1. Going residue by residue through segment 127-134, is there one that turns out to be modelled with pLDDT of 95 or more and at positive phi?
2. If I ask for residues that are under 22 Å from V138 (Cα atoms) and crowded, with 18+ Cβ neighbours inside 10 Å, which ones from segment 99-110 would you list?
3. Pairs needed: first member in segment 154-182, free of Cβ contacts under 8 Å to residues at least 40 places away in the same chain; second member anywhere, of a type outside the set (S, T, Y) and assigned to a helix (DSSP H, G or I); C-beta distance under 6 Å; at least 6 residues apart or different chains.
4. In segment 110-155, how many are acidic (D, E) and touching a helix residue (DSSP H, G or I) at 6+ places or on another chain (Cβ under 7 Å)?
Amino acid sequence: MGRPSTREAIIEAARKLFGQRGYSAVTVKDVAALAGYSPAMVMKVMGSKAKLYAAAAPQVPSSDLQSGLEEPLGFSLVRRILLRRQTEESEPWAMVALLVQDAPDHEAGQRDLRERYVRWIAQRIGDTSPTRYKSQLVVCIVMGLGAGIRVLGLLHPDEMAEELLIQQYGALVQGIIDDPALP
């Protein structure tokens, strides 16, 4: 696979830095240094820090659907969060709250990310209800795991075997998905 495009490299650097430090604490110069470009190039490609921030907002983690694994979605979501921790990839589920809170336009950021994540889960679990209540519960519980692991350093592999964590936390997520009593 070749080198990412200039735009992709800048967005990935921004995603990592915004996820670690938030919007206010990250400068265009910081992003440029991590991406390997000049601040002028970052501004030329992205237009502004706010536009860079919007482009760097975590995409719905479609990589959470691992091919080749025959396990229910709840377990797969947990497995991917733990894999990203191992490989030190940015964690979209942990970044969401920080990005919304620190967004240049808090309400727009909240609406956009809420819709993006809830819609993604709803499509995967067949939640066609008007409220998408079940999907909202799944988003909350998966965000909680992502943030707990990354922000607070909870459930470290030295404290709990990862496969055991996948089975226990995955069962919680899958329990929500499979619960016929939930609207």
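The values are calculated or read from the model by the stated rules, or taken from the named source; none is laboratory data. Please read these numbers as outputs of a predicted model, since none were measured by experiment. Note that we place each Cβ from the backbone using ideal geometry, even for glycine, and neighbour counts take in every protein chain shown. When the accessible area is computed, the model is the full protein with side chains, heavy atoms only, and any ligands, DNA or RNA have been set aside. Shrake-Rupley method; radii C 1.70, N 1.55, O 1.52, S 1.80 Å.
1. The answer is yes; a qualifying residue exists.
2. Within segment 99-110, L99, V100, G109 qualify.
3. Between residues of segment 154-182 that are free of Cβ contacts under 8 Å to residues at least 40 places away in the same chain and residues that are of a type outside the set (S, T, Y) and assigned to a helix (DSSP H, G or I), the close pairs are L154/G148; L155/I149; L155/L165.
4. Applying the first criterion (acidic (D, E)) to segment 110-155 yields 112, 115, 127.
Right, trim to touching a helix residue (DSSP H, G or I) at 6+ places or on another chain (Cβ under 7 Å) and you get 127.
So the count comes out to 1.
Per-residue answers, yes or no, for (1) open to solvent by 20 Å² or more (accessible area, probe 1.4 Å); (2) among the β-branched types (V, I, T); (3) without any contact (Cβ under 8 Å) to a residue 12 or more places away in the chain:
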site	(1), (2), (3)
R79	yes, no, no
L83	yes, no, yes
E89	yes, no, yes
A94	no, no, no
D112	yes, no, no
E115	yes, no, yes
V118	no, yes, no
G126	yes, no, yes
S129	yes, no, no
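For (1) at pLDDT below 85; (2) over 21 Å from R124 (Cα atoms), each residue gets a yes or a no:
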{"residue": "R7", "(1), (2)": "no, yes"}
{"residue": "Y23", "(1), (2)": "yes, yes"}
{"residue": "K29", "(1), (2)": "no, yes"}
{"residue": "A33", "(1), (2)": "no, yes"}
{"residue": "M46", "(1), (2)": "no, yes"}
{"residue": "P61", "(1), (2)": "yes, no"}
{"residue": "P72", "(1), (2)": "no, no"}
{"residue": "I81", "(1), (2)": "no, no"}
